[in-house]
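One structure is given below, encoded as structure tokens.
Where a number appears in this text, it was derived from the coordinates with a stated rule and is not lab data. Nothing here was measured: the structure is a model prediction, and the numbers come from that model. Glycine also receives a Cβ, built like all others from the backbone with ideal geometry; neighbour counts cover every protein chain displayed.
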Amino acid sequence: MKLHSTVVVIPTFNEAQNLELLLPQLLLLDLDILIVDDSSQDGTAAVAERIDAGTGRISILSRPSKMGLGSAYIQGFRLSLEAGYETLIQMDADGSHRVTDLQKMIAEAAGSPSQDLFIGARWIPGGKVENWSRHRELLSRGANRYSKLALGTDVNDMTAGFRIYRAALLRKMDLDGIRSQGYSFQIEMTREALRVGANVQEVPITFIERTIGKSKMSSEIVVEAMVKVTQWGISRVIRRSR
């Protein structure tokens, strides 16, 4: 049920405890919520239904199995575009993205109508992370710098998962062509947005490592993403040399 012009798309897999904290905060804002749940076994969907309390502001798309972050967002975006939302937000369920930062990003979007994509960025002045190991911070900073160089972009936080998209931008993008599922999904979405001429604005945020549940991030996932970035970078060089 579409009650507002803005929707937050939140993929979930066993995030019941985190949704107990996040959803009441989001319901204080003028937006709707779409939960894309990959067959959670901890009652994630039931928590969302209870908190919605029949208002219709929280919709739940229950998927038959764990199908991946990328496909969850793509499916959520498609449903939201079909419903007629003008602004689509992507946000983690685990508490790492603060609602206070979301309010700041929404204000930036409202005041910058010429911008198409707003990225909640950690690696720009004013942005930061909390409760990360030095190793993980170096890994993320390095991956983003490499991605920025390989893809020839000015975007500093290519892997950020806290974003606001204009519906018009998503309609221009080839969502069918997005193949990445994990860490590289954010990079591929940024790459595709830039390909169709998006104006991108980064907004500094504070990223807080989750305190409930376990992070799915690993060095292997980052390495896999960097292999894809290298392939995209080589393709870019070849195209420019023709």
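Between 0 and 90 degrees, rounded to the nearest ten: what's the tilt of helix 183-195 against the longest Cα principal axis of the chain?
70 degrees
Under the rule of -39500 (n - 2.57) per DSSP H run of 4 or more residues, summed and divided by the residues of the chain, what mean residue ellipticity at 222 nm is obtained, to the nearest 500 deg cm²/dmol?
Numbers: 8 runs with 108 residues, N = 242.
About -14500 deg cm²/dmol.
With contacts defined as alpha carbon pairs under 8 Å and 6 or more residues apart, what's the relative contact order of segment 6-241 in percent?
Relative contact order here is 23 percent.
Pop the C-beta distance of L149 and Q41 into the FRET formula with R0 = 30 Å and round what comes out to the nearest 0.05.
Using R0 = 30 Å, I get an efficiency of 0.15.
Just want the ordering: I124, I33, from fewest to most Cβ atoms lying within 10 Å of their own Cβ. All intermediate terms of the calculation are to be shown ahead of the outcome.
Values: I124 16, I33 25.
Fewest-to-most Cβ neighbours within 10 Å comes out as I124, I33.
Tell me, what HN-Hα J-couplings in whole Hz come from the Karplus equation 6.51 cos²θ - 1.76 cosθ + 1.60 at θ = phi - 60° for each residue of segment 122-129, using x for Gly and Pro?
Each residue's phi maps through the Karplus curve to give 8, 9, 9, x, x, x, 6, 10 Hz.
Treating only the Cβ atoms of Lys and Arg (+1) and Asp and Glu (-1) as charged, compute the dipole magnitude of segment 1-145 about its Cα centre; round to the nearest 20 debye.
520 debye
For the chain, with only Lys/Arg (+1) and Asp/Glu (-1) charged at the beta-carbon, what is the dipole magnitude about the Cα centre, in debye rounded to 20?
Using Cβ point charges on Lys, Arg, Asp and Glu, the chain gives about 1020 debye.
Which whole-Hz ³J(HN,Hα) couplings does segment 104-117 yield from phi under the Karplus relation 6.51 cos²θ - 1.76 cosθ + 1.60, θ = phi - 60°, glycine and proline marked x?
5, 5, 4, 5, 4, 5, 5, x, 10, x, 7, 8, 9, 9
How many angstrom lie between the C-alpha centres of segment 159-179 and segment 84-128?
After rounding, the separation between the Cα centres reads 14 Å.
In the chain, what percentage of the DSSP-assigned beta bridges are antiparallel, given to the nearest 5?
On the way: 7 of 31 bridges.
Percent antiparallel among DSSP bridges in the chain is about 25.
Taking the Cα centre of segment 98-240 as the origin, how large is its charge dipole in debye, to the nearest 20, when only Lys and Arg (+1) and Asp and Glu (-1) carry charge on their Cβ atoms?
Computed about the Cα centre, the dipole is about 200 debye.
Which net charge results for the neighbourhood of S114, defined as the other residues with beta-carbon distances under 13 angstrom from its beta-carbon, given Lys and Arg at +1 and Asp and Glu at -1?
Here the charged neighbours net out to -1.
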